[in-house]
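Here's the structure we're looking at; comments come further down.
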């Protein structure tokens with residue numbers, strides 16, 4: 001492709017709304033174009049890279065035995081009502097009506113549609129196992145779209161669904177997808193870590209998130225160097241402090257603690273360690289229609305951080321169905337007192353207690369009375385919980401839940417996630433088959449998603465420098481850029497055209513920068529666009545020499561025309577074979 005004929009608009013200034021490198025560089029290089037908040041169009045080169053990621057995904061899906069289909073992004077509300085997710089999914093579900101007032105949504109995912117397809121098409125165990133996938137535009141009405149393609153309202157996703165007769169079959173399908181995902185992200189050039197994850201709005205029993213390591217990532221990962229444990233902090237189990245079985249409970253005592261509303265203030269006032277205190281967090285919950293349906297008080301040890309995902313899962317609600325309570329309003333209904341709430345004396349609310357509190361003795365907690373706390377609070381004697389479960393966030397340095405070694409933390413971008421759905425959707429939507437004994441059973445399902453456009457952004461996050469993008473060969477929009485310094489020079493033009501023609505004949509995707517621009521502009525654009533190999537045709541063209549440079553390296557070399565062509569072809573072919 002000749003740049004003089006390409007629709008290309010690069011930017012020298014950083015767009016105001018761009019906050020992270022991938023957003024900045026994809027906009028500046030002209031690969032994406034913002035339409036409205038959270039919605040982007042893809043220009044020539046950006047779309048070429050998207051299609052290359054899609055092709056890698058397609059090849060690995062096909063090799064795993066999955067079959068590609070394409071279902072509509074417009075989904076009828078009735079299917080979501082059958083599964084119970086029409087209200088449970090939350091405000092991110094992009095709801096629309098047709099001219100007759102019938103409810104639809106723009107699909108954020110397709111579990112309901114694929115389950116509906118299978119319940120109409122599968123009746124016998126002989127028709128399984130089966131895996132179907134699609135690569136399609138999806139929609140989520142994000143409240144705060146941010147970071148460009150990382151969290152957008154419209155995005156391209158590959159979603160795959162497996163259908164098996166039993167749990168063992170699901171394990172095999174899940175393993176096939178796990179291995180395929182590992183290969184996909186390696187081929188895309190990503191440093192990616194699979195970690196245990198929460199199933200969220202998709203549901204099911206088990207899940208792994210494939211996370212591209214990046215400091216700007218929204219996923220926080222806890223991992224152990226000793227045993228290899230890795231999980232999102234949403235999902236990671238915590239080790240309870242050892243139970244104080246030898247410690248004798250002391251008499252409960254109410255003490256005056258004026259103005260001590262925080263854990264640190266009360267611990268300092270009473271000369272206690274924060275590990276000897278109980279922290280209260282107060283919430284109001286809502287039903288699927290958005291109506292208030294009760295209050296919740298959650299209690300953890302004073303030095304711990306509450307894990308909201310664990311609390312939501314314990315309550316069996318969606319994330320959008322809970323928020324921090326108005327303390328004054330909740331106090332009138334339950335007896336809590338802002339800054340002085342404890343588990344003793346509460347009423348008319350759900351009490352959720354972290355699993356380590358029952359084993360600890362003689363703790364300090366709010367007395368549900370202004371300026372007062374209780375000391376020597378003991379579980380069972382002084383209070384109990386409606387739910388007792390792990391509510392803690394696994395922090396860096398905490399013991400690994402598998403081997404006990406200190407865990408470490410890092411951040412990453414979720415680029416893919418796989419789920420064992422089991423019979424969550426087949427039971428609710430009556431997708432059943434007849435087994436070899438003529439017994440009717442629910443189909444066992446798995447779900448496997450990859451964010452194609454998010455993967456594009458993750459590649460840029462991991463592969464860039466201060467000058468621009470550094471594309472891996474596998475997903476680069478073009479492999480080589482031939483920069484013609486002086487288009488008016490007949491010798492330079494002839495050499496550039498020769499290189500351009502021979503590279504294309506060898507199957508190397510090549511750009512020829514034949515624009516009548518200053519050399520500095522061309523070099524800056526080449527670095528910004530991140531094409532893996534640059535061959536510069538300049539003043540040495542009359543001697544049959546050119547400048548050869550890899551985008552990922554600083555050094556430049558003078559080579560003969562034929563040596564430059566041979567090196568470029570050899571490098572591109574070698575890296576393509578290594579995918």
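What the table below lists for this structure:
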| item | result |
| --- | --- |
| Where residue 490 falls short, out of the listed (1) surrounded by fewer than 18 Cβ atoms within 10 Å (Cβ to Cβ); (2) in contact (Cβ under 8 Å) with a residue 40 or more places away in the chain | (2) |
| Answer residue from the range 25-41, given it is without any contact (Cβ under 8 Å) to a residue 24 or more places away in the chain and touching a strand residue (DSSP E or B) at 6+ places or on another chain (Cβ under 9 Å) and is farthest from residue 457 (Cα to Cα) among those | 35 |
| Residue that is surrounded by the fewest Cβ atoms within 10 Å (Cβ to Cβ) [pool: residues in the range 84-106 that are touching a helix residue (DSSP H, G or I) at 6+ places or on another chain (Cβ under 7 Å) and at pLDDT 95 or above] | 103 |
| Where a residue in the range 65-85 is farther than 20 Å from residue 137 by Cα and its partner, wherever it lies, is in a strand (DSSP E or B), with Cβ under 8 Å and at least six apart | 65/131 |
| Checking residue 48 against (1) surrounded by 14 or more Cβ atoms within 10 Å (Cβ to Cβ); (2) under 30 Å from residue 423 (Cβ atoms); (3) assigned by TED's automatic domain parsing to the domain that holds residue 429, the condition it does not meet | (2) |
| Qualifying strands (runs of 3 or more DSSP E) (wholly inside the range 361-429; at least 2 residues being within 30 Å of residue 255 (Cβ to Cβ)) | 363-366, 372-377, 387-389 |
| Filter pass, residue 476 being surrounded by fewer than 16 Cβ atoms within 10 Å (Cβ to Cβ) and modelled with pLDDT of 95 or more | no |
| Which listed residue is without any contact (Cβ under 8 Å) to a residue 24 or more places away in the chain and more than 24 Å from residue 246 (Cβ to Cβ), from 397, 380 | 397 |
| Candidates 509, 567, 547 - the one that is over 22 Å from residue 45 (Cα atoms), under 40 Å from the mean Cα position of the chain (by Cα) and buried (at least 16 other Cβ atoms within 10 Å of the Cβ) | 567 |
| Filter pass, residue 496 being closer than 28 Å to residue 25 by Cα and buried (at least 16 other Cβ atoms within 10 Å of the Cβ) | yes |
| Whichever residue in the range 451-473 is in contact with a helix residue (DSSP H, G or I) (Cβ under 6 Å, 6 or more places away or on another chain) and part of a strand (DSSP E or B) and, among such residues, is surrounded by the fewest Cβ atoms within 10 Å (Cβ to Cβ) | 464 |
| Residue 559, sole failed condition from (1) over 23 Å from residue 188 (Cα atoms); (2) at pLDDT 95 or above; (3) out of contact with any helix residue (DSSP H, G or I) (no Cβ under 9 Å at 6 or more places or on another chain) | (3) |
| Number of positions in the range 265-308 that are farther than 19 Å from residue 357 by Cβ and part of a helix (DSSP H, G or I) | 3 |
| Test for residue 380: is it surrounded by fewer than 23 Cβ atoms within 10 Å (Cβ to Cβ), touching a strand residue (DSSP E or B) at 6+ places or on another chain (Cβ under 6 Å) and not assigned by TED's automatic domain parsing to the domain that holds residue 116 | no |
| From 502, 517, residue being without any contact (Cβ under 8 Å) to a residue 24 or more places away in the chain, closer than 27 Å to residue 562 by Cα and either in the same structural domain as residue 167 (by TED's automatic domain parsing) or outside any strand (DSSP E or B) (or both) | 517 |
| Checklist (1) buried (at least 21 other Cβ atoms within 10 Å of the Cβ); (2) in contact with a helix residue (DSSP H, G or I) (Cβ under 7 Å, 6 or more places away or on another chain) applied to residue 132, failing item | (1) |
| In the range 1-45, the residues that are assigned to a strand (DSSP E or B) and closer than 15 Å to residue 478 by Cα | 2 |
| Odd one out for residue 334 among (1) buried (at least 18 other Cβ atoms within 10 Å of the Cβ); (2) over 29 Å from residue 211 (Cα atoms); (3) assigned by TED's automatic domain parsing to the domain that holds residue 211 | (3) |
| Residues within the range 200-219 that are modelled with pLDDT under 90, closer than 17 Å to residue 173 by Cβ and not in a loop (DSSP other than H, G, I, E, B), tallied | 2 |
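Table: residues versus (1) surrounded by 21 or more Cβ atoms within 10 Å (Cβ to Cβ); (2) within 37 Å of the chain's Cα centre (by Cα); (3) over 23 Å from residue 273 (Cα atoms); (4) in the same structural domain as residue 196 (by TED's automatic domain parsing).
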site: 290; (1), (2), (3), (4): no, yes, yes, no
site: 298; (1), (2), (3), (4): yes, yes, no, no
site: 301; (1), (2), (3), (4): yes, yes, no, no
site: 305; (1), (2), (3), (4): no, yes, no, no
site: 311; (1), (2), (3), (4): yes, yes, yes, no
site: 367; (1), (2), (3), (4): yes, no, no, no
site: 401; (1), (2), (3), (4): no, yes, yes, no
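The values are calculated or read from the model by the stated rules, or taken from the named source; none is laboratory data. Bear in mind that the values here come from a model prediction, so they are computed numbers and not experimental data. Here Cβ is always computed from backbone atoms with ideal geometry, including for glycine, and neighbour counts include all displayed protein chains.
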